[in-house]
1. Working only within region 76-90, note down all residues that are free of Cβ contacts under 8 Å to residues at least 24 places away in the same chain and either among the small types (Gly, Ala, Ser) or within 16 Å of residue 25 (Cα to Cα) (or both).
2. Say whether the condition of being out of contact with any Ser or Thr (no Cβ under 8 Å at 6 or more places or on another chain), closer than 24 Å to residue 119 by Cα and surrounded by fewer than 13 Cβ atoms within 10 Å (Cβ to Cβ) is met by at least one residue in region 32-52.
3. Of the residues that sit in region 62-100 and are small (Gly, Ala, Ser) and buried (at least 21 other Cβ atoms within 10 Å of the Cβ), which one is farthest from residue 37 (Cα to Cα)?
4. Within region 109-132, track down each residue that is touching a residue at least 24 places away in the same chain (Cβ under 8 Å) and either surrounded by fewer than 19 Cβ atoms within 10 Å (Cβ to Cβ) or in a loop (DSSP other than H, G, I, E, B) (or both).
5. Among the residues of region 38-50, are any closer than 21 Å to residue 22 by Cα, in contact with a strand residue (DSSP E or B) (Cβ under 7 Å, 6 or more places away or on another chain) and modelled with pLDDT of 95 or more?
6. Restricting to region 63-83, give me the number of residues that are under 15 Å from the mean Cα position of the chain (by Cα), assigned to a strand (DSSP E or B) and not aromatic (Phe, Trp, Tyr).
7. Within region 81-114, can you find the residues that are among the hydroxyl-bearing types (Ser, Thr, Tyr) and modelled with pLDDT of 90 or more?
8. Can you name the residue in region 44-62 that is β-branched (Val, Ile, Thr) and not in a loop (DSSP other than H, G, I, E, B) and, of all such residues, is farthest from residue 78 (Cα to Cα)?
Amino acid sequence: MTSAQETYEAIAYASPESLKRLADRCLQEAGAKVTSAPQAALVMARTRETVDNEVFNLGEVLVTSCEVDLDGEPGWGMVPGHDPERALCAAIVDAASRREGAEELRAELAMSLESTREARRERWAGVQSTRVEFEEMA
């Protein structure tokens with residue numbers, strides 16, 4: 001992983017099963033203390049409309065967030081929907097990815113992220129033929 005942003009992206013796109021597997025493996029190497037139990041909340045989803053290029057509030061999204069301490073390393077996770085277990089796993093993996101000696105975990109997250117990006121590129125390429133270009137009339 002080259003950045004915290006990419007780590008967060010890899011965690012966000014990880015399947016619940018692989019995230020749980022990673023978290024279980026991390027817990028074999030360190031002890032975790034939950035500093036903020038998983039809790040549901042609403043966050044505002046914002047987007048940019050394409051005509052005037054202005055940001056507007058699309059609506060609220062239900063999320064579950066959690067914070068942990070993994071032997072002194074803080075970790076934070078937020079996932080869409082009501083999914084306390086996945087939020088906890090995300091926080092554990094986040095904390096573990098920051099620890100010294102976590103190169104193997106970071107490499108696994110990087111490979112997972114690249115696989116996700118490749119799948120998204122392929123899906124995007126598959127729908128490009130359906131793209132419609134609109135012309136603005138003056």
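The values are calculated or read from the model by the stated rules, or taken from the named source; none is laboratory data. Note that this is a predicted model, so its numbers are computed, not measured. Cβ sites come from the backbone with ideal geometry, for glycine too, and all protein chains shown count toward neighbours.
1. 81
2. yes
3. Among those residues, the one meeting the criterion is 97.
4. Within region 109-132, 110, 116 meet the criteria.
5. yes
6. 10
7. 97
8. My answer is 55.
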